[in-house]
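Reviewing the structure listed below.
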Amino acid sequence: MKRVVVVGNGMVGYKFCEKLRNRTSDHELIIYGEEPRPAYDRVHLSSYFSGKTADDLLMAPASWYQENNVTLFTGELVTEIDRKHKTIRTHTGKTDHYDYLVLATGSSAFVPSIEGAERDGVFVYRTIEDLNQIMSYGKKIKKAAVMGGGLLGLEAAKALIDLGLETHVVEFAQRLMPRQLDDAGAAILAYKLSQLGIAINTGKSTSKIEGNGKLEALYFTDGTVLPVEMLVISAGIRPRDEVAKSCGLNVHARGGVIVDDSLRTSDENIFAIGEVAVHNNMVYGLVAPGYDMAECVVREIVGETPKLFTGYDMSTKLKLIGVDVGSFGDVFGDTPGSIPIAFQDKRNGVYKRINISADGKYLLGGILVGDAAQYNLFHQMVVNKMPLPAQPESLIIGTPGKAAEGAGVKSLPGTAQICSCENVCKDDLVTQITEKGVKTIQELKKNTKACTGCGGCTPMVNDILKITLESMGFKVKKNLCEHFDYTRQELYDIIRVKGIKDYEALLNSHGKGDGCEVCKPAVASLLASIWNELISEQDTIQDTNDRFLANIQRGGTYSVVPRIAGGEITPAKLMAIGRIAEKYNLYTKITGGQRIDMFGARVDQLPDIWQELIAEGFESGHAYGKALRTVKSCVGSTWCRFGVQDSVSFAIFVEDRYKGLRAPHKLKGAVSGCIRECAEAQSKDFGIIATEKGWNLYVCGNGGSHPQHAKLLVSDVDTDTCVKLIDRFLMFYIRTADPLTRTATWLNKMEGGLEYLRDVIVNDSLGIGEDLEKEMQGLIDNYQCEWKKVVETPELRARFRHFVNDESADETLSFVDMRGQKCPPDWNTKTTR
Amino acid sequence: MEQLNELKIATTVETDNHTWFRAARVEDFPANGGACVKYGDQQIAVFNFTRRNEWYACQNLCPHKMQMALSRGMIGSQEGEPKVACPFHKKTFSLRNGQCLNAEEQNITVYPVRIENGFVYIGVAKP
Ligand code: SRM
Ligand SMILES: Cc1cc2nc3c(=O)[nH]c(=O)nc-3n(C[C@H](O)[C@H](O)[C@H](O)COP(=O)(O)OP(=O)(O)OC[C@H]3O[C@@H](n4cnc5c(N)ncnc54)[C@H](O)[C@@H]3O)c2cc1C
Ligand code: SF4
Ligand code: FES
């Protein structure tokens with residue numbers, strides 16, 4: 001039995017073990033890793049900042065190694081290789097013998113030799129330990145910089161922003177991501193990043209890292225100074241070839257172990273894979289080529305038909321940063337005769353460039369900034385040498401929408417690689433669907449591992465699934481879930497026409513199984529939208545927020561948000577909130593929705609708190625529901641010297657009219673008193689702006705992660721018309737939108753777009769205007785405050801307790817102090833109970 | 001089974017492998033939903049699958065962010081497998097064997113449940 005020893009338990013070392021064990025259990029397999037924990041997903045390291053734990057990131061749990069008969073040593077640094085006797089030795093003195101040795105030692109962050117680089121406050125960004133240090137140091141300071149404006153540097157900058165720090169990026173080159181972007185693309189990226197709050201300093205060469213013990217400022221060769229308290233260096237990588245070098249293997253002058261096409265080093269029994277390997281003068285700083293190398297070596301060792309490593313395409317797509325960036329193939333058009341075509345939209349921050357071959361037949365490569373939806377398709381067009389359409393510019397001008405992308409996938413050859421992390425090609429996916437009977441994306445992922453790496457291929461895999469199923473004659477419908485073979489809109493009609501009033505009845509007559517967390521709240525929302533009966537009657541089909549009529553928070557307590565229509569509140573009511581919050585020791589905060597949120601209430605306290613609030617004249621604010629939230633207002637003509645209409649009164653009227661209205665997603669409105677738009681009405685589902693003659697009504701705006709401005713539906717209408725149109729608009733949305741779809745997304749998907757919507761709502765082209773108004777009136781008439789009902793009904797009230805068999809409260813709740821108020825402890829640092 | 005008749009008076013009963021304790025009355029639990037039961041220092045989530053006429057119990061602690069929350073989750077099924085979805089991030093767990101059905105989290109402990117004379121009993125494994 002051959003003994004295979006792997007040095008380095010990183011992403012590639014792990015993948016090697018997985019691949020070898022998938023083939024055979026005949027070889028002994030031993031892996032040594034320097035880090036204290038088993039291999040983890042470095043690619044998604046930054047998600048550690050947004051809630052993932054170290055365990056979440058593991059490539060496989062420690063038990064995997066045991067179950068697969070892989071001997072794992074963590075915390076062991078291999079320091080010596082004796083090639084003559086084929087043994088290795090670790091820093092703790094462990095020795096081992098090998099028949100084959102695989103070096104997968106990866107690389108370390110390159111730290112340029114700048115005076116002061118050893119100061120406190122200077123970090124690199126490579127391991128979980130690095131991140132822990134950055135997080136704890138980051139808590140003490142306000143201002144930080146990243147050295148390096150490449151792929152990793154920008155990711156680090158985003159992490160610093162997420163830590164709440166003022167963040168600067170310092171780049172030596174004249175532009176960001178100099179290896180992936182051209183000047184125009186980098187300029188757009190810099191603009192978008194500056195909007196995220198990241199300050200960009202290009203063309204800066206750091207001469208000195210200054211400070212008294214700890215870091216205080218960066219000095220640049222041009223004489224300028226940037227005062228910062230923390231620096232994250234991301235200036236490139238250096239392959240970790242120390243052991244290889246000391247045992248006399250051939251290494252590259254700039255670092256890295258030199259390998260041939262079989263990944264053999266200068267010793268035939270030693271291989272090198274991943275970021276430590278230098279193939280053809282190239283170090284590959286990405287996982288996909290590393291996995292490919294692992295595959296080659298596994299085949300070599302088990303004696304299968306050899307596969308040679310012949311280089312790898314370095315196309316990349318930046319993730320996480322909030323701005324799409326992709327570059328693929330021949331990025332800069334270096335191929336002789338290539339013709340660049342570029343499209344630039346500075347206003348929306350979009351830049352697209354494609355380089356086409358001299359004969360205009362093929363796509364060679366290109367750059368996408370601001371909108372990289374076409375990245376996968378373009379990349380595949382390059383890799384598969386697919387013929388270009390007659391007007392190649394049509395690829396990048398206009399918005400080629402989903403349909404075009406779907407069609408693109410259709411024309412890809414079967415050998416097209418769809419998932420580059422796991423090397424899954426189109427045929428692999430299609431075969432699963434046509435021959436193995438796979439029908440869902442989950443099964444596809446499980447069987448092929450596609451989408452499980454960086455996840456970038458998910459849209460394409462979805463498209464392939466859909467197209468293949470359709471080609472087999474399956475109707476691909478947006479069914480709610482496995483329990484209902486209907487879309488939301490179909491269920492809406494069924495419930496209305498058949499007069500169904502509860503979930504169980506609907507499941508009995510039109511569904512199967514026991515329901516789930518997808519269909520239950522969706523149906524609950526439909527029932528509420530159609531009948532507007534109290535949702536507390538069917539509490540167990542509601543999301544926890546709707547079930548307890550409050551928003552669940554970290555730690556398991558709830559928040560309380562009374563309605564404060566239009567943001568207007570009397571001093572007496574303000575004091576009442578203050579008194580109640582103080583009595584129940586609640587954390588208070590003014591929300592972004594112009595009202596007051598009280599956090600940290602135990603479930604058993606909720607009815608008592610609401611009883612007091614109701615006694616003071618408050619009502620539920622429905623902050624927990626897919627329902628009308630707030631209608632914000634500016635002061636308007638009552639006080640403001642520019643106001644042309646009374647926006648506050650109108651906002652209060654509108655909020656009271658639609659309060660409690662349930663919809664496919666939450667609804668927000670605003671009324672501004674003049675064109676200055678202080679209420680931000682154009683970012684709302686329905687926004688009203690006062691004019692000299694009446695009101696302009698805007699619809700389908702949205703804040704959130706994909707902000708979109710609302711579109712003008714009608715101008716200068718009087719108050720009654722305005723309200724009538726909002727009635728129709730909201731009701732039409734409630735009737736036809738998919739679950740959890742905001743009005744903006746609903747409109748984006750609507751055939752005919754705004755024109756069609758205006759036809760239906762304003763011109764009543766479907767003749768349903770009156771119907772919609774009537775239906776809305778019915779809902780308005782049926783409104784009751786849900787909390788009032790609970791407070792007054794003992795059976796409903798009894799549900800608000802933590803234990804059914806004990807009066808006590810949940811003693812596992814704990815709080816920490818924050819600026820004089822209570823807060824839940826950070827759940828990312830809490831690992832066990 | 002014989003000995004369970006005595007349960008009218010006893011609040012716990014010992015069987016070969018389990019200590020059975022009386023949690024609460026059947027009506028204390030919502031139909032097709034769950035509630036939390038206190039057993040010493042432990043919190044156990046109990047679910048009443050009225051539709052299937054089945055009961056399940058599991059730890060109340062969600063392993064994802066260590067939150068005492070599963071009893072407030074929505075129940076349902078996945079291809080017939082009874083499951084609960086955590087109210088925080090909707091990770092789902094089989095109530096039959098505790099397996100995380102999104103395969104992203106640790107599995108959870110499940111407990112056997114018996115109904116006798118209108119009471120819900122939960123079996124806790126003897127150490
Ligand atoms: C409390 C508040 C933050 C604050 O302290 O200011 C808040 C808190 C939450 N927001 Fe928000 N949002 C709050 C104002 C906003 C605003 C500003 C506004 O309304 O003008 C926006 C952008 C405007 C918009 O919605 O278009 C906003 C966009 C979101 C989104 C993104 C929605 C989207 O369509 O993209 C989510 C996620 C979602 O709903 O799926 C979200 C989700 C949430 C949730 C419900 C997340 C969750 O599931 O736990 C937070 C829970 C609130 C709680 O526990 O009470 N919140 N959220 C604000 C409550 C306003 C209120 O009085 O009800
Ligand atoms: C923040 C960040 C984001 C990234 N994003 C992407 C991305 O989006 N896409 C992408 O393709 N790539 C990305 N990468 C790069 C990717 O993580 C690496 O290409 C990949 O991890 C390389 O795998 P490896 O196994 O060769 O090296 P590593 O993962 O570095 O593993 C090497 C391991 O060997 C250990 N080791 C070293 N020497 C010894 C020794 N002598 N004895 C024992 N153990 C030793 C090291 O401690 C380390 O644990 C990113 C990297 C970082 C840091
Ligand atoms: S309040 Fe809104 S923006 Fe803030 S963390 Fe919660 S969901 Fe995100
Ligand atoms: S805490 Fe349960 S799913 Fe996140």
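The values are calculated or read from the model by the stated rules, or taken from the named source; none is laboratory data. All values derive from a computational prediction rather than experimental measurement. Cβ: placed from backbone, ideal geometry, glycine included. Neighbour counts: every protein chain shown.
Side notes on the structure shown:
- Residue in the stretch A:761-775 that is within 14 Å of chain B (Cβ to nearest Cβ) and over 27 Å from A:LYS52 (Cα atoms) present: no
- Search result, residues across the stretch A:684-708 that are more than 17 Å from A:TYR733 (Cβ to Cβ) and either touching a strand residue (DSSP E or B) at 6+ places or on another chain (Cβ under 6 Å) or modelled with pLDDT of 95 or more (or both): A:ILE689, A:ALA690, A:THR691, A:LYS693, A:GLY694, A:TRP695, A:ASN696
- Hey, A:VAL671 under 30 Å from A:LEU606 (Cα atoms), within 15 Å of ligand 1 (Cβ to nearest atom) and buried (at least 23 other Cβ atoms within 10 Å of the Cβ) or not: no
- Residues in the stretch A:592-612 that are closer than 21 Å to A:GLY566 by Cα and over 35 Å from the mean Cα position of the chain (by Cα): A:TRP610 only.
- Residue within the stretch A:516-527 that is away from ligand 1 (no atom under 16 Å from the Cβ), closer than 28 Å to A:LEU796 by Cα and more than 14 Å from every other protein chain (Cβ to nearest Cβ) present: yes
- Selection count, the stretch B:36-66, where residues are at the interface with chain A (Cβ under 7 Å from one of its Cβ atoms) and surrounded by fewer than 24 Cβ atoms within 10 Å (Cβ to Cβ): 8
- Among residues of the stretch A:473-502, those that are more than 14 Å from chain B (Cβ to nearest Cβ) and not in a helix (DSSP H, G or I), counted: 13
Listed here are the residues, each with its yes/no results for (1) among the hydrophobic types (A, V, I, L, M, F, W, C); (2) outside the structural domain of A:ARG179 (by TED's automatic domain parsing); (3) more than 27 Å from A:GLY148 (Cβ to Cβ); (4) touching a residue at least 12 places away in the same chain (Cβ under 8 Å).
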residue: A:GLY255; (1), (2), (3), (4): no, yes, no, yes
residue: A:SER262; (1), (2), (3), (4): no, yes, yes, yes
residue: A:PHE271; (1), (2), (3), (4): yes, yes, yes, yes
residue: A:ASN281; (1), (2), (3), (4): no, yes, no, yes
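- Checked against (1) within 14 Å of another protein chain (Cβ to nearest Cβ); (2) assigned to a loop (DSSP other than H, G, I, E, B); (3) among the aliphatic types (A, V, I, L, M), A:ALA505 passes all but condition (2).
- Every pair of residues 6+ apart whose Cβ atoms lie under 6 Å, when the first sits in the stretch A:165-194 and is under 11 Å from A:GLY149 (Cα atoms) while the second is charged (D, E, K, R) and outside any helix (DSSP H, G or I): A:VAL170/A:LYS204; A:ALA186/A:ARG175
- Filter result for A:VAL648 (assigned to a strand (DSSP E or B) and either within 14 Å of ligand 1 (Cβ to nearest atom) or more than 30 Å from A:ARG735 (Cβ to Cβ) (or both)): no
- Candidate set: the stretch A:683-708, residues that are polar (S, T, N, Q) and over 21 Å from A:LYS724 (Cβ atoms); chosen: the one farthest from ligand 2 (Cβ to nearest atom): A:SER683
- Residue within the stretch B:101-109 that is within 12 Å of chain A (Cβ to nearest Cβ), within 16 Å of ligand 1 (Cβ to nearest atom), at pLDDT below 95 and buried (at least 20 other Cβ atoms within 10 Å of the Cβ) present: no
- Applying a threshold of 8 Å to beta carbon distances and a minimum spacing of six or more residues, or different chains, the list of pairs starting in the stretch A:592-613 at a residue that is over 13 Å from A:GLY556 (Cα atoms) and among the acidic types (Asp, Glu) and ending at one that is more than 16 Å from ligand 4 (Cβ to nearest atom) and assigned to a strand (DSSP E or B) reads A:ASP597/A:SER559; A:ASP597/A:VAL560; A:ASP597/A:THR588; A:ASP597/A:LYS589; A:ASP597/A:ILE590.
- Restricting the stretch B:65-101 to residues that are out of contact with any Asp or Glu (no Cβ under 8 Å at 6 or more places or on another chain) and at positive phi, the residue that is farthest from ligand 2 (Cβ to nearest atom): B:GLY80
- When residues of the stretch A:549-563 are limited to those that are out of contact with any Gly (no Cβ under 9 Å at 6 or more places or on another chain) and surrounded by fewer than 23 Cβ atoms within 10 Å (Cβ to Cβ), the one nearest to the other protein chains (Cβ to nearest Cβ): A:ILE552
- Tally of residues being free of Cβ contacts under 8 Å to residues at least 12 places away in the same chain and assigned to a helix (DSSP H, G or I) across the stretch A:365-397: 1
- Any hit, the stretch A:113-135, residues being within 16 Å of ligand 1 (Cβ to nearest atom), surrounded by fewer than 20 Cβ atoms within 10 Å (Cβ to Cβ) and under 30 Å from A:ALA217 (Cβ atoms): no
- Some residue of the stretch A:277-286 being under 19 Å from A:ASP241 (Cβ atoms), assigned to a helix (DSSP H, G or I) and in contact with a strand residue (DSSP E or B) (Cβ under 8 Å, 6 or more places away or on another chain): no
- Any hit, the stretch A:18-33, residues being closer than 25 Å to B:LYS91 by Cβ and within 16 Å of ligand 4 (Cβ to nearest atom): no
- Output for the stretch A:115-126, where each listed residue is in contact with a Ser or Thr (Cβ under 9 Å, 6 or more places away or on another chain) and either modelled with pLDDT of 95 or more or closer than 11 Å to A:ILE233 by Cα (or both): A:VAL124, A:TYR125, A:ARG126
- Among the residues making up the stretch B:84-97, a single one is surrounded by fewer than 17 Cβ atoms within 10 Å (Cβ to Cβ) and in contact (Cβ under 8 Å) with a residue 40 or more places away in the chain: B:ARG96.
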